[in-house]
Amino acid sequence: MRKPDLDKNIAFVLSDVSRLMRKRFDKRAAKLGLTRAQWRVLAHIGLQEGINQTASADILEVENITLGRHIDRLQDAGWVERRRDPMDRRAWRLYVTEKAHPTLSQMQQISLETRAEALQGLSAAESDALLNALLRLKSNLLDQDPDPDPKTEDAG
């Protein structure tokens, strides 16, 4: 029986590329004092200020309690603030603080640099083709399971 070549297995390659990009991003972003998970939450709130915590957890595909812990740390550090939802006193609306705006810009730059490094040597057409192929893979997988629960399922 022939052994599989893991370097030619798309699942292994995608996993390796994702891990390497995260590692490179983390190395660059460490000086800003935010973890990648915190950056993801902060960036999301920055793009959708006023979103409630439950909707944000759904979009980020994390449990509400997990997001709550991230928000607690970000709030304690002065990056985000919670405001009571005027329509639902049990709900919180999320906003970035003035302190966060320069950091959001720096993190965006780090993200762009990391992506450019990963795409180095690819033409614009190749980069677009890669993205379109990955979007097709994602769509194919979602079509096979239209209501996956990413909070509990393992990728594989």
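Of the accessible area of the chain, computed with a 1.4 Å probe over protein heavy atoms only, carbon and sulfur atoms account for 53 percent. Springs between Cα atoms under 10 Å define the GNM used for the chain, and in it the highest mean-square fluctuation of Lys23, Lys99, Lys31 occurs at Lys31.
Of all the options Gly50, Gly121, Gly68, the one that moves most in a Gaussian network model of the chain with Cα springs shorter than 10 angstrom is Gly121.
Of Leu74, Leu32, Leu135, the residue with the greatest mean-square motion in the GNM of the chain, using alpha carbon springs below 10 Å, is Leu135. Fully extending the segment from Ser105 to Gln48 would add 19.0 nm, taking 0.36 nm per residue of separation and subtracting the current Cα-Cα distance.
Relative to the Cα centre, the charge distribution of segment 11-138, modelled as +1 at Lys and Arg Cβ and -1 at Asp and Glu Cβ, gives a dipole magnitude of about 300 debye. Here, the chain is characterised by an Rg to Rh ratio of 1.02, where Rg is the alpha-carbon radius of gyration and Rh the Kirkwood radius. Extending 7 Å from the Cα toward the beta-carbon at both Leu131 and Glu98 defines two label points whose distance is 3.5 nm. Reducing segment 1-52 and segment 99-129 to their Cα centroids gives an inter-centroid distance of 13 Å.
Using the Cβ-Cβ distance between Glu61 and Ala124 with R0 = 30 Å, the FRET efficiency computed as 1/(1 + (r/R0)^6) comes to roughly 0.50. Judged by the gyration tensor of its Cα atoms, with axes a ≥ b ≥ c, segment 1-55 is oblate; a/c meets the 1.5 cut and b/c is at least as large as a/b.
The values are calculated or read from the model by the stated rules, or taken from the named source; none is laboratory data. Given the structure is predicted, the values throughout are model-derived calculations rather than measurements. All Cβ positions, glycine included, derive from the backbone under ideal geometry; neighbour counts span all protein chains shown. Calculation scope for accessible area: heavy atoms of the full protein, side chains included, ligands and nucleic acids excluded. Shrake-Rupley method; radii C 1.70, N 1.55, O 1.52, S 1.80 Å.
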